[in-house]
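Please treat every number below as a calculation from the coordinates, not as lab data. These figures come from a predicted structure and were not determined experimentally. Backbone-built Cβ (ideal geometry, glycine too); neighbour counts: all protein chains shown.
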Amino acid sequence: MKAAVIVFPGTNCEHDAVYALASVGVDAELVWHRETDLSGFAGVILPGGFAHGDYLRTGAIARFSPVMTEVERLAGAGVPVLGICNGFQVLCEAGLLPGVLLQNAGLRFICRPVHLLVTSTDSVLTRAARIGQVLEIPLNSFEGNYTADPITFAHMQETGRVALRYSNAAGEVTEKANPNGSLGNTAGITNRTGNVAGLMPHPERAIEDVLGSSDGRVLVESFALSMSLAHA
């Protein structure tokens with residue numbers, strides 16, 4: 001059982017993702033964005049970075065990379081797909097996740113730990129977590145302000161597709177705890193079937209206590225568990 005970690009020109013978190021997966025027992029391979037066959041993989045991660053320099057819009061060019069046709073095929077077949085930060089932006093641009101990531105409120109790059117409240121566990125992102133769990137994970141982005149049209153977002157909330165929300169350390173979802181202006185304090189979402197997910201914070205940078213937090217490990221474990229279940 002192996003995961004593909006997609007590398008676009010400008011990706012810079014691919015080795016972090018491979019290390020995080022290895023720490024939970026998942027073998028991973030770096031796959032260049034020009035690859036057109038991912039049939040040998042049981043899961044796909046689109047890691048963080050600045051794909052194609054974030055020209056036009058974040059993820060707007062990466063969305064047309066040859067590998068994305070395969071990512072879409074696997075997503076449609078129920079294979080676990082996870083986008084982290086820039087990878088989340090690419091999945092939204094590709095239409096695999098609803099909504100869009102805008103510039104942060106205040107137009108400032110954010111680089112600090114944030115708290116996340118787990119609000120749904122029915123996805124590849126949070127399957128091993130528990131509802132109400134509070135995680136401390138680093139956030140590193142300038143365009144992480146999630147938004148969607150009101151009807152779409154209302155349906156997402158009703159169906160449990162908002163998996164993570166920015167909160168304070170006590171798990172309270174407040175305006176003050178929202179670092180970037182995201183609609184409804186949204187930090188991570190899923191598609192309708194739960195096999196495609198994206199989040200702006202970086203769980204792969206919080207898998208060991210020496211990094212300041214190991215809270216991201218449960219999200220990486222969720223992805224690994226989802227690969228096992230899908231592969232069974």
Along the positive direction of the dipole of the chain (beta-carbon charges: Lys, Arg +1; Asp, Glu -1; about the Cα centre), which of 222, 23, 186 reaches farthest? 186
If you consider only alpha-carbon coordinates, what radius of gyration and Dmax does the chain have, in Å? 15.7, 46
Can you give the charge dipole size of segment 2-231 about its Cα centre, rounded to the nearest 20 debye, using +1 on the beta carbon of Lys and Arg and -1 on the beta carbon of Asp and Glu? 320
Using the eigenvalues of the Cα gyration tensor, what equivalent ellipsoid semi-axes result for segment 1-136 when each is taken as the square root of five times the eigenvalue, whole Å, largest first? 22, 21, 15
How big is the equivalent ellipsoid of segment 160-199 along its three axes, where each semi-axis is √(5λ) from the Cα gyration tensor, reported in whole Å from largest to smallest? 21, 10, 7
Kindly point out which whole DSSP H helices in the chain project their C-alpha atoms 18 angstrom or further along the helix axis while averaging a Kyte-Doolittle hydropathy of -1.0 or above. 217-231
Take 146, 166, 19, 55 and order them by how many other Cβ atoms sit within 10 Å, fewest up front. 55, 19, 166, 146
For the chain, which span is the longest to avoid every loop-located (per DSSP) member of trypsin sites (Lys or Arg not before Pro) having at most 16 other Cβ atoms inside 10 Å? 58-107
Please arrange 85, 111 by counting, for each residue, the other beta carbons lying within 10 Å of its beta carbon, fewest first. 111, 85
In cubic angstrom per residue, the convex hull of segment 130-214 built on its Cα atoms measures 111
On the Cα set of segment 171-232, report Rg and Dmax in Å, please. 13.9, 43
